[in-house]
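Colleague: Take a look at this one; I'll ask things after.
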Amino acid sequence: QVELVESGGGLVKAGGSLRLSCTASGRTFSTYRMGWFRQAPGTEREFVAAISSSGFTRYYADSVKGRFTISRDIARNSVYLQMNSLKPEDTAVYYCAAGDSGRDLYTPKSYVFWGQGTQVTVSS
């Protein structure tokens, strides 16, 4: 069992930056691929970024490539999402998720454990 707790969301102006953190409990954290998803009101939950269990491979949605960076610190049982050059369309609730490697990393159903989400609001 893995419990995930996100933090770091908030209100920021367009062009600004935020760093989201996700801390996991459970000894098996290092074995999971970790992902960030987001969901705006009235929309489907969408993939943002993912990082392999080793931390060596990273994946990004086209909409955030070059602006967002995902990283993980296995010693701290944490994964991070550095978000730069934020745009109003990045406004959403951001969720951290843990899933097994080998499954479709872009699909929410591939992830087993989820955090409660943290709100990110980008004003124009």
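Colleague: DSSP loop (so not H, G, I, E, B), at most 16 other Cβ within 10 Å: list which trypsin sites (Lys or Arg not before Pro) in region 73-120 pass both filters.
Modeller: Counting only loop positions with at most 16 other Cβ atoms within 10 Å, the trypsin sites (Lys or Arg not before Pro) in region 73-120 are Arg103.
Colleague: On average over all directions, what projected area in square nanometres does region 56-99 have, based on the convex hull of its Cα atoms?
Modeller: 3.8 nm²
Colleague: Suppose a student asked you for the relative contact order of the chain, using Cα pairs under 8 Å spaced at least 6 residues apart; what percent would you report?
Modeller: 35 percent
Colleague: May I pose another question? What are the aspartates and glutamates whose alpha-carbon lies under 16 Å from the alpha-carbon of Lys13, with same-chain residues fewer than 8 places away excluded?
Modeller: Here the aspartates and glutamates satisfying the reach criterion relative to Lys13 are Glu89, Asp90.
Colleague: With a 1.4 Å probe and all protein chains left in place, how much of the accessible area of the chain comes from carbon and sulfur atoms, in whole percent?
Modeller: Taking all protein chains in place, the chain shows 49 percent carbon and sulfur surface.
Colleague: What does the accessible area of Phe47 come to, in Å² to the nearest 10, when a probe of 1.4 Å is used?
Modeller: Ignoring ligands and nucleic acids, Phe47 comes out at about 20 Å².
Colleague: Next question. Using amide H atoms built in the peptide plane, which far-off residues or other-chain residues are under 5 Å from Ser85 H to H?
Modeller: Under 5 Å from the amide H of Ser85 lies no amide H from a residue far enough along the sequence or on another chain.
Colleague: Now a separate question. Which ³J(HN,Hα) values, rounded to whole Hz and listed in residue order, are derived for region 73-78 from phi using the Karplus coefficients 6.51, -1.76 and 1.60 in 6.51 cos²θ - 1.76 cosθ + 1.60 with θ = phi - 60°, glycine and proline given as x?
Modeller: Listing the rounded values in order: 10, 5, 5, 9, 6, 9 Hz.
Colleague: Turning to a different aspect of this structure: With every protein chain left in place, what is the accessible area per residue of the chain in square angstrom, probe 1.4 Å?
Modeller: Roughly 51 Å² per residue, with all protein chains present.
The values are calculated or read from the model by the stated rules, or taken from the named source; none is laboratory data. Please read all numbers here as calculations on a predicted model, not as lab measurements. With ideal geometry, Cβ positions are generated from the backbone for all residues, glycine too; neighbour counts draw on all protein chains shown. Note: accessible area is taken over every heavy atom of the protein model, side chains too, but ligands, DNA and RNA are not part of it. Shrake-Rupley method; radii C 1.70, N 1.55, O 1.52, S 1.80 Å.
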